[in-house]
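For reference, the structure discussed in these notes is given below.
Please treat every number below as a calculation from the coordinates, not as lab data. Just so we're clear, the structure is a prediction, and the values are computed from it rather than from any experiment. Every residue, glycine among them, receives a Cβ derived from its backbone with ideal geometry; neighbour counts consider all protein chains shown.
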Amino acid sequence: MLLNRVETALMNNPLRAAIQRHFEAPRLLRMGGRLDGGAALEIGCGRGVGAELVLERFGADTVDAFDLDPRMVAQARQRLAARAPRARFWVGDATSIAAPDEHYDAVFDFGIVHHIPHWRSALREVRRVLKPGGRFYAEEVLAAFIRHPLTRRLLEHPLEDRFDRPAFRDALAQAGLEPLDDAELWGGFAWFVAERPEA
């Protein structure tokens with residue numbers, strides 16, 4: 001689902017970018033390591049901060065990225081215009097990723113899956129587009145935060161079938177991804193690294 005006005009403002013400002021750059025990306029790097037080459041995909045790219053980090057910090061050769069919101073895709077294209085053709089952007093849906101099977105060495109989720117009503121379908125799509133041995137790096141918002149009364153007043157999220165840390169880890173396994181590491185902060189935020197097993 002598209003972000004409401006409040007969350008769009010929260011996700012597209014220098015403070016959010018700083019948190020992503022100095023806290024979230026380093027945590028995922030410690031958990032799952034660098035790519036050092038290869039092709040990566042970011043689901044829900046927003047204005048392109050995550051795609052920039054995938055190239056700079058995770059060492060991908062290329063990054064493809066998409067978002068439901070055409071305005072965000074336009075901002076991401078502008079932000080990384082100097083890096084074309086290493087960075088490509090399109091409008092798309094994480095439950096039906098416009099990419100071939102076994103195409104990416106890594107897929108990144110910087111807080112998008114919790115916005116998807118049928119989020120398990122998105123995890124199955126992540127597995128489909130990952131090469132065997134490819135990794136899924138996810139930073140996610142958990143049900144306790146989503147269902148908090150203040151969050152519900154300010155932000156719009158699907159409320160049915162939300163996940164806590166164990167439920168997301170279990171769903172990764174059910175989708176055919178092997179959980180490698182996970183961590184949680186304040187019961188409301190979590191990080192996961194999983195791998196598509198080799199054949």
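Summary of computed values
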{"quantity": "Ranked by how many other beta carbons lie within 10 Å on average, peptides 114-123, 59-68 from highest", "calculated": "59-68, 114-123"}
{"quantity": "Potential extension, ASP170-ARG30 segment - 0.36 nm per residue separation minus Cα distance", "calculated": "48.2 nm"}
{"quantity": "Virtual paramagnetic centre 7 Å along Cα→Cβ of TRP90, amide N under 16 Å, in region 55-79", "calculated": "63-70, 73-74, 77"}
{"quantity": "Theoretical gain in end-to-end length, ARG128 to ASN12 [0.36 nm per residue, Cα-Cα removed]", "calculated": "38.8 nm"}
{"quantity": "Highest to lowest packing among 128-137, 18-27, 184-193, 149-158, scored as the average C-beta count within 10 Å", "calculated": "128-137, 184-193, 18-27, 149-158"}
{"quantity": "Rounded to the nearest 20 debye, dipole of the chain from Cβ charges on Lys, Arg, Asp, Glu", "calculated": "600 debye"}
{"quantity": "Vicinal HN-Hα couplings computed from phi for region 173-181 (Karplus, 6.51 cos²θ - 1.76 cosθ + 1.60; Hz; Gly/Pro x)", "calculated": "5, 5, 7, x, 10, 8, x, 9, 7"}
{"quantity": "Vicinal HN-Hα couplings computed from phi for region 132-148 (Karplus, 6.51 cos²θ - 1.76 cosθ + 1.60; Hz; Gly/Pro x)", "calculated": "x, x, x, 10, 10, 10, 9, 10, 9, 9, 9, 4, 4, 6, 4, 8, 4"}
{"quantity": "Estimated vicinal HN-Hα couplings, Hz - region 37-51 in sequence order (Karplus 6.51, -1.76, 1.60; Gly, Pro = x)", "calculated": "x, x, 9, 10, 10, 10, 8, x, 7, x, 8, x, 5, x, 4"}
